[in-house]
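There's a structure below that I have some questions on.
Laboratory data are not the source of any read-out in this text; all were calculated from the coordinates shown. Treat the numbers as computed from the prediction; the structure is a model and nothing was measured. Note that each Cβ is placed from the backbone with ideal geometry, even for glycine, and that neighbours are counted across all protein chains shown.
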């Protein structure tokens, strides 16, 4: 290959790396071009003072695990073992195995990529293999799997634990179709492979209790989970005070400290369920709060501002996953109950009906309000459909979940006719607050949360007008508080989305002063410095990021390119090989190494990387 051809590869390396980074960061690959960002009117600024009288973080003491409940509550603990929450997560080869590890353990998506599940010697490995059109192996990247996430009722996804940094596998099991396939949100040929980070908000909903690295978001101890599945204390609070109260002789002088959700106000009762089953279009933590701060008795708005958009049923009748709460709130059953209806009106959190009992179980719940001795069904009893239908099959039909392949979810609108179209929202604001807090920090936190939400929308929906609106909301807050790391970071991200690199760099460097280990700030600063030619700073930020999180491969591509441009070839070779070990599909690194080795006269090494590069280049 001639020197001019290698120069072309280096140009391709620089340009394609940037394009690839954009593909990795954008969550909706169907939209490829950002919409223009027309000027918009400033939203009316809320009148508020900076209060931030935040209640202290809830104690993590007093949690004893579900095993401690069994001595006194043996029967209810036994029935709970049939509930999907009781096995929401487990070690990958735990007590319950739903997967088929013997038949059809591989699939192709697309034809150039083979995904394979391997069980051997008591461990499970997931493989991504790249193949040539002649079905020759280009690479085989495998990772050991540590945990299975999900009850298995609809499927499971899988967790890779790198000493407390948790990542999702691209392979999931779908129980309904009895098959392995790409995980939800993964697009064939364009996804994060074994690098999708599982952050606090993901783990909070699936794990009973965690062991976190103190003071660092999204980092866990090397043994990350204290109780893997959702247990008693998630809904009832820490058990040790309850046990001590029962052992005390003066127990009648004070109330039992354990929480029974049925005794709470409707809003607090439902919040016990909503802590995991309400995500909306966006769920933003309030200032000073953490994802693991919820305790039974809290309201959902004590911790999160949730933004919703309609009932999340599409025009084609599909539904978004985790949309049951919004749908229930639009049902006539809920509206006419004046807030008394809630999740546990129909669902028993301690037991789950078997398949054969399901229809009679839920119909009995319907008849509690609609009468056991009379029928209000308008369909004649002798109609052909009547024998095949039930209350729930007709009024709560199954709908395809467009965000989770191969699965269906129950429509919780409790509609009159199963083909009833989605309801049109009567709200004037496109994204409404699910429930607004009413404390002294409410106005500030709502504006802050909406700004954060708009930054996310600008990126995921590829619409820059949201980034402009985010700045209009967040900049006034930044003038009032220069110590809020998350606020500073979101402002920096908004500027970066709008192409204002200098402002983004200055703001994100402020975020690093508040938290020198901010992964988001370090990653974005590496990208900005690479794009703008500040290679010295970019190299520093890239190295710092890798020290904290060495598992994001695209950082290596940018870092290696900057090291090469500054003649630091030895370090460039080191980081290029590290990057290829993490992700052997970064073909640009093969091109870079081939050229560097050729210039150094290391012909054999150069030819090795030329050969590895060829399958990735366009075939003539």
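How big is segment 93-151 on each of its three principal axes, counting only the C-alpha atoms and giving the largest first in Å?
Cα spread of segment 93-151 along its principal axes, largest to smallest: 41, 19, 17 Å.
Among 417, 277, which comes first, then next, by fewest other beta-carbon atoms within 10 Å?
Least crowded to most crowded, the residues run 417, 277.
Can you work out the FRET efficiency for the pair residue 581 and residue 265, with r the C-beta to C-beta distance and R0 = 45 Å, to the nearest 0.05?
Using R0 = 45 Å, I get an efficiency of 0.25.
Sorting 273, 529 on the 10 Å Cβ count, fewest up front, what's the list?
Fewest-to-most ranking of 273, 529: 273, 529.
Another question, if that's okay. Taking the Cα of residue 52, stepping 7 Å toward and past its beta carbon, and measuring to each backbone N in segment 445-472: which are under 13 Å?
445
Just to be sure I understand the model, the point goes 7 Å from the Cα along the line to the Cβ. What's the resulting residue 363 to residue 247 distance in nm?
4.9 nm
With each label point set 7 Å from Cα along the Cα-Cβ vector, what nm distance links residue 608 and residue 355?
5.3 nm
Determine, for 552, 510, the number of other Cβ atoms within 10 Å of each Cβ, and report the residues in order from fewest to most.
510, 552
Kirkwood Rh over Cα pairs of segment 74-248 into Stokes-Einstein at 20 °C, 1.002 mPa s: D in µm²/s?
121 µm²/s
Quick check: pseudo-label points 7 Å beyond the Cα along Cα→Cβ at residue 75 and residue 197, how many nm apart are they?
4.9 nm
Another question, then. Cα centroid distance between segment 175-213 and segment 562-620, in Å?
31 Å
Now for a separate question. For segment 437-551, report the translational diffusion coefficient in µm²/s to the nearest whole number, using Stokes-Einstein at 4 °C, 1.567 mPa s, and a Kirkwood Rh over Cα pairs.
Diffusion coefficient, whole number: 89 µm²/s.
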